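The values are calculated or read from the model by the stated rules, or taken from the named source; none is laboratory data. These numbers come from a predicted model, not from an experiment. Note: ideal-geometry Cβ built from the backbone for every residue, glycine included; neighbour counts use all protein chains shown.
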């Protein structure tokens, strides 16, 4: 009889863990993924936040997507943080030395906070190219939302 209770408890625990792993992202997280996105990945983080990644065909500097993202974040009551000495967001281009072949990255990073100053989101947009190739329109989007 004792083993039966242990088996039932184990089954309940397994079902609770299974449910926790299939947590559905809230609508404000799903809304970050725009129409036409590919390779979409949405994962919960240990701190209760969400990590969203996807690819998007968008010519640099991705003005339409940036406008959509800014509107969505402001509508969710998030405020843009100031960055660096310039105090503005901008695209940065740098050499990626982690790759075997010479590669370049165009990157845009934007943190967002609540009115109380708590950082709630970090957005990184990236275009990649190998030195021998031209830039293409494949934008890689990384978003962490808390």
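Just one of the listed residues (35, 67, 85) is exposed (fewer than 10 other Cβ atoms within 10 Å of the Cβ) and modelled with pLDDT of 90 or more, namely 35. Screening residue 104 with (1) farther than 24 Å from residue 33 by Cα; (2) modelled with pLDDT of 90 or more; (3) exposed (fewer than 15 other Cβ atoms within 10 Å of the Cβ) gives one miss only, at (3). Among the residues in region 90-100, are any surrounded by 13 or more Cβ atoms within 10 Å (Cβ to Cβ), over 24 Å from residue 37 (Cα atoms) and either modelled with pLDDT under 85 or in contact with a helix residue (DSSP H, G or I) (Cβ under 7 Å, 6 or more places away or on another chain) (or both)? Among the residues of region 90-100, at least one is surrounded by 13 or more Cβ atoms within 10 Å (Cβ to Cβ), over 24 Å from residue 37 (Cα atoms) and either modelled with pLDDT under 85 or in contact with a helix residue (DSSP H, G or I) (Cβ under 7 Å, 6 or more places away or on another chain) (or both), which makes the answer yes.
Rundown of residues vs (1) over 22 Å from residue 24 (Cβ atoms); (2) within 14 Å of the chain's Cα centre (by Cα), yes/no style:
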{"residue": "42", "(1), (2)": "no, yes"}
{"residue": "68", "(1), (2)": "yes, no"}
{"residue": "98", "(1), (2)": "yes, no"}
{"residue": "104", "(1), (2)": "yes, no"}
{"residue": "107", "(1), (2)": "yes, yes"}
{"residue": "111", "(1), (2)": "yes, yes"}
{"residue": "117", "(1), (2)": "yes, no"}
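Residues in region 44-66 that are in contact with a strand residue (DSSP E or B) (Cβ under 9 Å, 6 or more places away or on another chain) and within 14 Å of residue 25 (Cβ to Cβ): 8 in all.
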